[in-house]
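Every number here is computed from the coordinates shown, using simple stated rules; none is lab data. Keep in mind it's a predicted model, so treat the numbers as computed, not measured. All Cβ positions, even for glycine, are placed from backbone atoms using ideal geometry, and neighbour counts span all protein chains on display.
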Amino acid sequence: MLYRESGQFSTSYPADRRIFRLYQERWAFYLLLAAAFLLIPWLGNDYWFSAILIPFLVLSLAALGLNLLTGYAGQLSLGSAAFMAVGAFAAYNSHLRIEGLPFLLSLLLGGVVAGLTGVVFGLPSLRIKGFYILVSTLAAQFFVLWVFTTFAWFSNDSSSGVITAPPLVILGHDFSSPQGRYLFTLTVVVALGFLAKSIVGSELGRNWMAVRDMDKAAEVIGIALPKAKLLAFAISSFYLGIAGSLWAFCYLGTVEPHGFDLSRSFQILFIIIIGGMGSILGNFLGAAFIVLLPILLSHIASGLLADTIDAGQLENCQKIIFGGLIIFFLIKEPDGLAKIYQTCKQRLQVWPLRF
Amino acid sequence: MSFFFEVLLGGLLAGVMYSLVAIGFVLIYKASGVFNFAQGSMVLFAALTFVSLLERGISFWLAFVLTLLAMVALAWTIERWVLRKLVNRPPITLFMATLGLSYIIEGLAQSLWGAQVHGLDLGINDEPFEFQGMLLSQFDIFAACVAGVLVLVLSVFFNKTRTGIALRAVADDQLAALAVGIKLEKLWLIVWTVAGFVGLVAGLLWGARLGVQFSLSLVVLKALPVLIIGGFTSISGSIVGGLIIGASEKLAEVFLGAYIGGGIENWFPYMLAMLFLLVRPTGIFGERQIERV
């Protein structure tokens with residue numbers, strides 16, 4: 001009843017292909033955007049911006065990047081964090097070395113360099129597949145971090161290897177306050193989210209899904225495998241690169257290689273497993289879950305068990321719970337939180353009736 | 001030249017240690033087609049349990065048996081609560097389940113036994129001795145012998161015993177194996193137990209070398225390129241792969257590292273494995289898969 005489709009006809013192909021076909025979805029989305037852009041900056045405090053909202057947005061974007069590669073194109077990757085690192089360092093170095101380059105351009109440049117790196121490490125995917133492709137992405141993970149820690153040029157010869165990110169100034173406006181960083185990150189994420197949704201609905205997205213489901217069959221019906229696979233690596237790494245720059249510039253305020261280690265790659269993979277592979281919405285749900293769960297757990301621990309539990313044990317508990325959740329989701333809901341949302345939506349269509 | 005051979009031999013012996021972890025992978029992959037990322041944390045779990053029992057004053061062999069029982073319990077739990085629920089799912093799902101599993105086992109091991117570093121003394125002298133002008137580690141030679149015995153026992157087990165033959169049948173075709181009356185659940189339990197046993201042996205040797213601590217679970221990352229080069233389905237392949245990785249890694253570190261900066265042993269095996277794959281996409285001993293639409 002709340003979600004009635006009746007009376008909403010698509011009278012042209014573009015109308016049928018639009019991202020939110022139902023007016024309820026459109027309005028819900030507008031309301032959500034309005035809340036995110038107008039209400040939250042007004043209501044939220046600095047803690048919320050810096051510790052929850054910004055990492056949530058950046059991790060969503062990173063998961064979106066990995067989801068394009070793994071969820072849509074079916075290429076398993078354990079090197080997401082490496083491409084984030086490439087993006088962050090490329091953006092920092094282009095900002096540092098090219099005089100007067102606007103920040104937005106260096107951000108874009110970071111993404112492009114990450115995308116090219118992705119293509120290089122995606123090349124083996126033309127010849128090998130399945131688990132073997134893990135080797136290539138893990139090679140990226142270890143090699144990239146090694147390059148950034150070994151060659152001091154990338155961190156501008158700073159002795160500690162940690163560099164402070166430059167202030168966030170875009171078109172003459174200073175976005176360095178937590179609120180400003182939140183708004184900037186939100187804008188980038190929304191724009192790239194729209195782009196991803198369009199890509200996924202386009203011919204390229206459908207080709208990816210064909211490759212994912214069975215690459216031999218896709219090849220037989222005339223999909224150019226190399227093009228589809230390499231584009232998946234390029235676009236995915238572009239997203240990850242942008243996410244890496246945002247992570248460094250908007251969230252941490254520093255650029256350092258060790259924030260982008262293997263555990264970050266795992267974290268992003270877990271987001272897409274929990275959120276839902278092959279879904280755009282799932283990335284946001286999964287990222288919210290991953291960001292909020294540790295906070296919730298530590299609150300529960302400090303509330304219930306006051307001081308009987310120490311930080312090390314808490315971390316172990318978190319690990320066990322995360323691992324358990326992964327297995328639980330794989331068994332019970334392989335399509336993740338996004339599928340649960342879909343189910344709710346279908347229920348709402350007929351509510352209060354059962355069928 | 002003698003220095004070159006010393007590095008080479010040292011590398012080969014170190015490679016055997018990688019093979020030990022890789023064998024655990026191969027066992028499980030052969031029998032159930034699961035790429036078990038949790039093998040590293042099983043190594044950690046086994047070693048940590050063993051050392052903690054030892055520190056509580058239990059004798060060596062009793063501790064060994066108790067740890068083995070713990071591994072059986074672990075295998076049973078995994079089979080009952082994870083594998084059985086995920087039958088007929090795509091391999092990628094099973095792989096991700098083992099990722100979750102590795103988190104659980106690591107968390108469990110550390111919350112049970114603590115996160116501090118334990119020393120482990122197997123009573124083997126780790127002093128280098130001289131052999132034809134080259135310095136070799138006694139410990140490495142011992143490890144190599146253990147690996148050799150293990151491979152021998154496993155290949156007898158796989159080729160001669162009834163269970164082993166059943167395991168090979170399951171590896172060949174699960175449905176056909178079920179049809180002739182092979183109990184899949186029992187075999188999975190057995191193979192995960194054997195993998196746990198291999199993990200225990202690997203954990204003891206690695207633990208004696210590095211100390212029993214969290215980083216032990218990271219040996220899985222060393223074993224992966226070994227596996228790729230040797231092929232996922234061949235035990236002898238994992239030995240050969242281990243030797244290749246061990247030797248080339250040490251040689252690269254010593255001779256190449258001088259030019260491009262140290263610490264390359266983290267990524268060099270992966271690059272090597274990647275080059276290998278470009279020539280032989282299924283590893284040296286891997287089975288060639290025929291694809292049909």
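Descriptive notes on the structure:
- CD proxy at 222 nm, helix term only [per DSSP H run n ≥ 4: -39500 (n - 2.57); per residue of chain B; nearest 500]: -23000 deg cm²/dmol
- Reachable lysines, given that their alpha-carbon falls under 20 Å from the alpha-carbon of B:LYS160 and they are not under 8 places away in the same chain: B:LYS30, B:LYS183, B:LYS186
- Of the DSSP H helices in chain A, those whose Cα atoms cover at least 24 Å axially and whose Kyte score averages 1.6 or more: A:103-122, A:132-150, A:280-304
- Cα-based shape type of the protein assembly as shown, given that a ≥ b ≥ c are square roots of the gyration tensor eigenvalues and the cut on a/c is 1.5: prolate
- In percent, rounded to a whole number, the relative contact order of region A:103-240 is 42, using alpha-carbon pairs under 8 Å and six or more apart.
- Seen through its C-alpha gyration tensor, with square-root eigenvalues sorted a ≥ b ≥ c, chain B comes out oblate because a/c lies at 1.5 or above while a/b is not bigger than b/c.
- Around the Cα centre of chain B, unit charges on the Cβ atoms of Lys, Arg, Asp and Glu (plus for the first two, minus for the last two) sum to a dipole of about 1200 debye.
- Of all lysines in the structure, those lying under 16 Å Cα to Cα from A:LYS227, and not within fewer than 8 positions of it along the same chain, are A:LYS129, A:LYS216.
- Note on A:LYS339: lysines with a C-alpha under 27 Å away, same-chain residues under 8 apart excluded, are A:LYS197, A:LYS229, A:LYS319, B:LYS85.
- C-alpha center-to-center spacing [region A:245-285, region B:203-217] in angstrom: 30 Å
- The ranking of A:HIS173, A:HIS95 from fewest to most other beta carbons within 10 Å of each one's beta carbon is A:HIS173, A:HIS95.
- Over chain B, relative contact order from alpha-carbon pairs under 8 Å, at least 6 apart, %: 36 percent
- Taking a ≥ b ≥ c as the square roots of the eigenvalues of the Cα gyration tensor, an a/c ratio of 1.5 or more together with a/b no larger than b/c marks region A:31-260 as oblate.
- Mean Cα-pair separation over length for region B:3-77, i.e. relative contact order, pairs under 8 Å, 6 or more apart, %: 18 percent
- Loop-resident trypsin sites (Lys or Arg not before Pro) (DSSP state other than H, G, I, E or B) in region B:175-221 with no more than 13 further Cβ atoms inside 10 Å of their Cβ: B:LYS183.
- Selection among B:TRP76, B:VAL198, B:LEU27 by position relative to the dipole of chain B gives B:TRP76 as farthest towards the positive end (Cβ unit charges, Cα centre).
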